Each structure stands twice: as C-alpha cells, then as structure tokens.
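Visitor: I'd like to ask you about the structure that follows.
The values are calculated or read from the model by the stated rules, or taken from the named source; none is laboratory data. Here the structure is a predicted model, which means the values were calculated and not measured. Methodologically, a virtual Cβ is constructed for each residue, glycine included, from the backbone with ideal geometry; neighbour enumeration extends over all protein chains shown.
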Amino acid sequence: MINALIVLFAEALVRTAPYALAAMGGWSSERSGVMNIALEGKMLTAACVYALVGFTTHSFLFALLAALLSSILLSLLHWLVTQTYKVDQIISGMAINVLAAGATGFIAVRYLQETSGTLPVIPTVAVRISSDYIWHISPYVMLAWVLPFVLAWYVRRTRGGLRLSAVGNDPDKARLIGVAPKTVRAVALIATGVFTGVAGVLFVSNAGRFTEDMTAGSGFIGLAALILGGWRPLPALLAAFAFAVFDAMQTIFQGVHLFGITIPSQFWQSLPYVVTVVALAGFLGRSRAPAGLGKA
Amino acid sequence: MTVTLKHSAKLVALVIGCLAVLFIALLLTGVPPSQTVKDFFVGSLGSMDAIGGTLQEATPLLILGAGVFLALRAGLFNIGIDGQFTMGAVVATAISLKVPGALGIVLAVIGGMAAGAAWALPAGLIRAYRGGHEVITTIMLNNVAGLLTGWLVSGPMIAPRADAPMTAELAPSSYLPDVMHTAQWRVSSALVVGVLIVFALGYWLKRTVAGYELQAVGANARAAEFAGVNSKRVIVRAMAASGAIGGLAGAFQVLAFTHQFYEHYSPGYGFDALGVALLAAGAPIMLLPAAFFFGMLSKGGTFIAINGVPKGITYLVLGVLIIVTAAIRYRKAKVAHD
C-alpha cells in the first residue's frame, strides 16, 4: 500500500511537467493581458518540428532549437495578429490551433510516416523505486518544477515582472507611465513560445516519435491549471500537480473494482475540466483574472 | 487618411504572407498546385454527386454556424457548440434507438435540443452571474462532452458485438426523410430546416423586441442595461438558444446522415462553425454562402487527399481564412488608436 502511494506520487511528479509548462506558457501570455487558448497548438507544433529535425539531423540540440523556434514563431504570430491587426484574441487563438493541427498533420503524413532510427533525446535519469517501477526524470521535468518558483519571484521582485503585471492589469495606465504594452507582450509571448515548446519536446521525447494530435488536450489542461491557480505561478503548479495525480490514479485504478463498480478512465480524465468549471462558477473562491485580460 | 492607407498596406501584407504560406504548402505536397486546385473543384462541384456531398457537409455547418452567429450577436463566443452538438447527437441516438418511427424522430430532435441547451447553460450562467469567460467554460465542457460520450459508446451504449466504440444503427424508420432523392442526388430535410433557421434568425434579430435586446447587449451590455434590458438574462438565454441549435444539428446529423453515434463524433465542427459565423459577419443570410464554402472545403479536401495531398492543408486554408477575415472585420480597437 505504502509502496503504491510512493509510485503514485512519483508518477504524478513526472506527469505534472507538461501541464505545468503549458500553464506557465499561458501565465506569461495572460499576465501581459493576451488571452491564450493556443497553448495546445504551440505544443503540438514544437513536438512535430522536434521529430522532423531530430530524425533528419540526428542531433537533439538542433531538434530542440528548431522546436523552440517554431513555437516562438507561432506565439509571435499570435502577437502580430492580436496586437498589430487587433484581431480578437480568441479568434486568433482558435485559428492558431487549427493552423498547428493542419501543419503538423501535413508534416506527419508527408514526412514522418517512414522514419527510421531512433529520435535523439536528452538522456533521462532512471531511479528504481520499486520492483516494477522505474522513475524517469528528464531535465525538462526538473525545469517544469523549478520554473514556477522563478516566475513567482520574477513577477514580484523585478522591474520586468512589475511591468508585465502593469500591462496585464491595465494597458492604458501602463502606457501613461511609459511602458509600451506591445513590447512587453512581445517578450511575454516569446516566453510563452519557449515554455510551450519545451512541453511539446517533452511529449515527443517520451514517445520517441511524433503522432498526430499527440498532445491530446494537455494545453487545455495547462490552461485549466492556470485558471484554477488564479493566474499565479505557484498555485498553478499545485493545480497541475493535482491534475497529474488524477492521471496517475487513472493508470493505477485501471480495471480495479471499487465498491463493486469500475471507475472508467474517462472519469479521471474529465476531472480537471469539471473542477475548472466549478472554480469558474465561483465555488472555489473568487476569480483572479488579470484585470486587463483581452484588452487592446 | 494616412492611417487608413497604412492599415490597408498592413492588410495587403498579411494577405500576401498568408497566400505565400499556402502556396509553399501546396508546393511541398509534391502534387502540382494547379492539379490540386483542379481536383479540389472537381471533388466539390464537379458532378451532381460532388455537389450533393458538399451540401451534406454544409448542412451541419450551416445550422451550427447559425448557433454561433446567434451567440456572437449577443457578444458571446460559443466555442462550446462542438460539445453541444455532440451531446445533442448522443441523446438523439439514445432516444431513437428506444423509440423508432416518426414519434422517435420528434422526441429525438426535442431531446437533442434540450441536451444542447443544457450543455450550454452552465457557460451562460457563469458568464452572466460570475463573470467567468464563456470561452474557457465551453472549452472545458467540450472536453467533458467528448470524454462522457466516449465512455457511453464504449460501455453502456456500445452496439452488441461491436469492435469499436459505436452505438447500434438506427432502424430506417428513424431516418430523417429526404425532400428529394434521386440516383445521384439527395437533399435532406435537415438542409431545408437549416435554411429556414437562417431566415427565422434573421427575422427574429431584426423584427422582434427580444432580438433587438439581444443585439443591444452584444453591442454594449452596459448601455443596454441603462436602457432597461436585463442583460444577464439575455446572456443566459442567448447561450441556451445557441446550445439548443447546436444540439439540433447533432440530432439531425445522427437522424439524417450517420444513423449511429461513435466516439470522436465531431470532426472539429466547432471551429468550422465559428468560421462560418465570422465569414457571415453581420448578416444572417450570408451564413448560406459561408456554410456552402466550408462544405466545399471539407468535400474538396477529402477528394484531394485521395490523390496524395494531406488533408491537413484544408485546415491551413481555414486557419488563414479566419485570420484574414478577422483582421478585416473584427478589429477590436479603432484603427486611429494605433
């Protein structure tokens, strides 16, 4: 029993990573006032580009750089379209998700169907926790756990962080004190590109190959974690961890009968979404969305 | 004047950039672009059969587009139409499997609409009374709808001896009748109802007090509130009505076309419907050509896929189209503000 709990905990720690990274990507964007429902698309694109470049060059470094570049570019497209062309941030986000689904589907069918060899990845640290469970920790996972602490410090204690909050809370007042929202948001969205890019790389590194829609909604779970965490890095990390626990439960309870009924895996999978709706309904404390979210 | 000129130049740059991306993608397919374009039109409009297919693809998009359009007029983004469609479809299937015949069709349509409205209601309530953004709630509810129906069709509702998550097929007496049916050509009554909905919506928005109030809330909720409109109630009702239309599209999809429900039932209709509503801009009547065009993209996209052009390319076209349309029509701030 104790052993099972330790495995659950260890597994949840690892599974937190993509959600936390996506949530931090969303945090950076939404703190600056740009609504971002395109986290999923950026993750998927980075995963796809990593596979494409990794299989071609056999270098994880090139693959990683290209993947991050792709998600940064996609993020900057969101910036360009919403800030210069003043397109509604939701329309832009939806469009980017569709562009990403289309482009990665295209690349997968055209270039990634007959790949040979193994995908170069950053080696993981393996720890044997129990007789049948080996814990794999990659640098990406460690980054996912450290990043929210860094961001929490950054937003409170640095000039850049305060500017970020100022723009996100009220872009017009920020303009008055000489902070250009457009510039701050460009930097924030580059950060979004990096964080979601790492999340995508994490997916494809674990799987060893790219498959269509492989991120399977993780970007939206990351968004849910961000909202549940009240748009603050550390609570968002905690929410991501809670969602990862649901995930791990799903694997552990697979086919197990509890009080005579089998809990379907979809139950655990839908928990993050249900909890988020309940939170938005105000049953879990008041909403703390940045005041200027969605404003020009 | 110079501002508008500068803005026009920016728009031209955007359009050129988008076209360049599409052209490069077309070149990368390995099939000559001229061939792909030709195939696209042959596949979507080239024969009676192709046109019939395009109309069938356009039918759910037209009804869903009308649903999104209605919400949009009230200032709401109903991204959740995808989940409302799915819930409408699964409830209609469950009812039709129990009650065959004309009575079953009526009950299935009513049940589908109720399911769609119920699935949209939390988003409306949370937006009106708690200030939670409807986009976020509906995204979450879409995922829940996908998982819930995925569980239903792999457990309680799975067809006997099925090896994939799908329900049994409906009895032919439960099929929604066609208004026209020849060897190469059929027009479903779902399409006719869709067209009627568009006209009714246009009339309702323009000629009734409720429609006027809804648009007043969409234009400026605060001003509408001062004019005595209960904007919260309007928002909840608009969302529920939009959801009911989404559920209706789901019920029709089962009764008229697929005759059964299966996992991952909606092939991304939510985004397409948003596209249809955005292309239609302010005029409900424009939903008709917009839905037809999206139907062409879907039908033509399937056809070019047979000749080795990945279907992903039609999503690229959609994404680009939405960005350009939105850049032209849906700028939030005034141009002069730049």
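Visitor: Give the number of residues within the stretch B:138-192 that are β-branched (Val, Ile, Thr) and crowded, with 21+ Cβ neighbours inside 10 Å. Please lay out each step first, then the result.
Guide: Kept after step one, since they are β-branched (Val, Ile, Thr), are these residues of the stretch B:138-192: B:138-139, B:144, B:149, B:153, B:158, B:167, B:179, B:182, B:187, B:192.
Subset that is crowded, with 21+ Cβ neighbours inside 10 Å: B:138-139, B:144, B:149, B:153, B:167.
Qualifying residue count for the region: 6.
Visitor: Check off (1) under 21 Å from B:Leu152 (Cβ atoms); (2) part of a loop (DSSP other than H, G, I, E, B) for A:Gln269 and give me the number that stays unchecked.
Guide: Failed condition: (2).
Visitor: Could you please find all residues in the stretch A:4-28 being in contact with a His (Cβ under 8 Å, 6 or more places away or on another chain) and surrounded by 24 or more Cβ atoms within 10 Å (Cβ to Cβ)? Let's see the steps before the verdict.
Guide: Kept after step one, since they are in contact with a His (Cβ under 8 Å, 6 or more places away or on another chain), are these residues of the stretch A:4-28: A:14.
Once the filter is applied, which keeps residues that are in contact with a His (Cβ under 8 Å, 6 or more places away or on another chain) and surrounded by 24 or more Cβ atoms within 10 Å (Cβ to Cβ), the stretch A:4-28 yields nothing.
Visitor: Pick from the stretch B:154-188 the residues that are of a type in the set (Val, Ile, Thr) and closer than 23 Å to B:Glu57 by Cβ: which of them is modelled with the highest pLDDT?
Guide: We begin by selecting, within the stretch B:154-188, every residue of a type in the set (Val, Ile, Thr); these are B:158, B:167, B:179, B:182, B:187.
Restricting the remaining residues to those that are closer than 23 Å to B:Glu57 by Cβ gives B:167, B:179, B:182, B:187.
On the way: B:Thr167: 92, B:Val179: 85, B:Thr182: 79, B:Val187: 86.
If we take residues in the stretch B:154-188 being of a type in the set (Val, Ile, Thr) and closer than 23 Å to B:Glu57 by Cβ, then B:Thr167 is modelled with the highest pLDDT.
Visitor: Okay, next question. Please go through the stretch A:124-144 and give me each residue that is surrounded by fewer than 17 Cβ atoms within 10 Å (Cβ to Cβ), farther than 21 Å from A:Val49 by Cβ and not β-branched (Val, Ile, Thr), ordered by number.
Guide: A:Ala126, A:Arg128, A:Ser130, A:Ser131, A:Asp132, A:Tyr133, A:His136, A:Met142
Visitor: Within the stretch A:141-150, can one find any residue that is over 20 Å from the mean Cα position of the chain (by Cα) and either of a type outside the set (Phe, Trp, Tyr) or more than 11 Å from every other protein chain (Cβ to nearest Cβ) (or both)? Spell out how you get there, then give the answer.
Guide: Here is the first cut: in the stretch A:141-150, the ones over 20 Å from the mean Cα position of the chain (by Cα) are none.
Within the stretch A:141-150, none of the residues are over 20 Å from the mean Cα position of the chain (by Cα) and either of a type outside the set (Phe, Trp, Tyr) or more than 11 Å from every other protein chain (Cβ to nearest Cβ) (or both).
Visitor: Another question about this same structure. Give A:Leu143, A:Leu151, A:Leu147, A:Leu176 a once-over and let me know the one that is at pLDDT below 95 and among the aliphatic types (A, V, I, L, M).
Guide: Values: A:Leu143 fails: at pLDDT below 95; A:Leu151 fails: at pLDDT below 95; A:Leu147 fails: at pLDDT below 95.
Selected residue: A:Leu176, the only one of A:Leu143, A:Leu151, A:Leu147, A:Leu176 that is at pLDDT below 95 and among the aliphatic types (A, V, I, L, M).
Visitor: Sticking with this one: Restricting to the stretch A:71-97, name every residue that is within 17 Å of the chain's Cα centre (by Cα), modelled with pLDDT under 95 and more than 9 Å from chain B (Cβ to nearest Cβ).
Guide: none
Visitor: Okay, moving on. Among the residues of the stretch A:266-280, how many are among the aliphatic types (A, V, I, L, M) and within 8 Å of chain B (Cβ to nearest Cβ)? Lay out the reasoning, then the answer.
Guide: First pass over the stretch A:266-280, keeping only residues among the aliphatic types (A, V, I, L, M): A:271, A:274-275, A:277-280.
Pick out the ones that are also within 8 Å of chain B (Cβ to nearest Cβ) and you get A:274, A:277, A:280.
Number satisfying all stated conditions: 3.
Visitor: Might you let me know whether the stretch A:240-257 holds any residue that is in contact with a Leu (Cβ under 8 Å, 6 or more places away or on another chain), within 30 Å of A:Tyr111 (Cα to Cα), in contact (Cβ under 8 Å) with a residue 40 or more places away in the chain and within 14 Å of another protein chain (Cβ to nearest Cβ)?
Guide: Scanning the stretch A:240-257 turns up no residue that is in contact with a Leu (Cβ under 8 Å, 6 or more places away or on another chain), within 30 Å of A:Tyr111 (Cα to Cα), in contact (Cβ under 8 Å) with a residue 40 or more places away in the chain and within 14 Å of another protein chain (Cβ to nearest Cβ).
Visitor: Same structure, new question: Collect the residues in the stretch B:4-23 that are more than 10 Å from chain A (Cβ to nearest Cβ) and of a type in the set (Lys, Arg), keeping them in residue-number order.
Guide: B:Lys6, the sole residue that qualifies.
Visitor: Being at pLDDT 80 or above and either outside any helix (DSSP H, G or I) or more than 7 Å from every other protein chain (Cβ to nearest Cβ) (or both) is the filter here, so list the residues in the stretch B:321-338 that pass it. Quick ask: steps written out before the conclusion?
Guide: Restricting attention to the stretch B:321-338, the residues satisfying the condition of being at pLDDT 80 or above are B:321-328.
Across the stretch B:321-338, the qualifying residues are B:Leu321, B:Val324, B:Thr325, B:Ile328.
Visitor: Which condition from (1) away from chain A (no Cβ under 14 Å); (2) crowded, with 20+ Cβ neighbours inside 10 Å is the one that B:Asp272 breaks?
Guide: (1)
Visitor: Any idea which of B:Gly300, B:Gly250 is in contact (Cβ under 8 Å) with a residue 60 or more places away in the chain, buried (at least 22 other Cβ atoms within 10 Å of the Cβ), more than 13 Å from chain A (Cβ to nearest Cβ) and closer than 30 Å to B:Pro156 by Cα? Reasoning before the result, please.
Guide: Values: B:Gly300 fails: closer than 30 Å to B:Pro156 by Cα.
None of the others qualify; the one that does is B:Gly250.
Visitor: When B:Val195 is evaluated against the numbered criteria (1) at pLDDT 90 or above; (2) out of contact with any Pro (no Cβ under 9 Å at 6 or more places or on another chain); (3) within 14 Å of chain A (Cβ to nearest Cβ), which criterion, by number, is the only one it fails?
Guide: (3) is the only condition that B:Val195 fails.
Visitor: Can you name every residue in the stretch A:174-230 that is within 13 Å of chain B (Cβ to nearest Cβ), small (Gly, Ala, Ser) and part of a helix (DSSP H, G or I)?
Guide: Once the filter is applied, which keeps residues that are within 13 Å of chain B (Cβ to nearest Cβ), small (Gly, Ala, Ser) and part of a helix (DSSP H, G or I), the stretch A:174-230 yields A:Ser218, A:Gly219, A:Gly222, A:Ala224, A:Ala225.
Visitor: Here is a further query. Might you check whether a residue that is on the phi < 0 side of the Ramachandran plot and surrounded by fewer than 18 Cβ atoms within 10 Å (Cβ to Cβ) occurs anywhere in the stretch A:87-108?
Guide: Restricting attention to the stretch A:87-108, the residues satisfying the condition of being on the phi < 0 side of the Ramachandran plot are A:87-108.
Restricting the remaining residues to those that are surrounded by fewer than 18 Cβ atoms within 10 Å (Cβ to Cβ) gives none.
No, there is no match, as no residue in the stretch A:87-108 is on the phi < 0 side of the Ramachandran plot and surrounded by fewer than 18 Cβ atoms within 10 Å (Cβ to Cβ).
Visitor: Please find, within the stretch A:281-296, the residue that is modelled with the lowest pLDDT out of those that are crowded, with 17+ Cβ neighbours inside 10 Å and more than 7 Å from every other protein chain (Cβ to nearest Cβ).
Guide: A:Lys295
Visitor: Further question on the same structure: Restricting to the stretch B:106-137, name every residue that is more than 11 Å from B:Met239 (Cβ to Cβ), within 18 Å of the chain's Cα centre (by Cα), among the hydrophobic types (A, V, I, L, M, F, W, C) and away from every other protein chain (no Cβ under 14 Å).
Guide: B:Val109, B:Met113, B:Ala114, B:Ala115
Visitor: Same structure, new question: Identify the residue in the stretch B:24-42 that is within 14 Å of another protein chain (Cβ to nearest Cβ), in a helix (DSSP H, G or I) and of a type outside the set (Val, Ile, Thr) and, among all such residues, is surrounded by the fewest Cβ atoms within 10 Å (Cβ to Cβ).
Guide: Just the residues of the stretch B:24-42 that are within 14 Å of another protein chain (Cβ to nearest Cβ), to begin with: B:24-31, B:36.
Cutting the leftovers down to in a helix (DSSP H, G or I) gives us B:24-28, B:36.
With the extra rule that they be of a type outside the set (Val, Ile, Thr), the set shrinks to B:25-28.
Details: B:Ala25: 22, B:Leu26: 20, B:Leu27: 12, B:Leu28: 15.
Ranking the qualifying residues of the stretch B:24-42, first place goes to B:Leu27.
Visitor: Answer yes or no as to whether A:Ala63 is touching a residue at least 12 places away in the same chain (Cβ under 8 Å), in a helix (DSSP H, G or I), buried (at least 24 other Cβ atoms within 10 Å of the Cβ) and away from every other protein chain (no Cβ under 14 Å). Outline the logic, then answer.
Guide: Details: touching a residue at least 12 places away in the same chain (Cβ under 8 Å): yes; in a helix (DSSP H, G or I): yes; buried (at least 24 other Cβ atoms within 10 Å of the Cβ): yes; away from every other protein chain (no Cβ under 14 Å): yes.
Yes: the conditions hold for A:Ala63.
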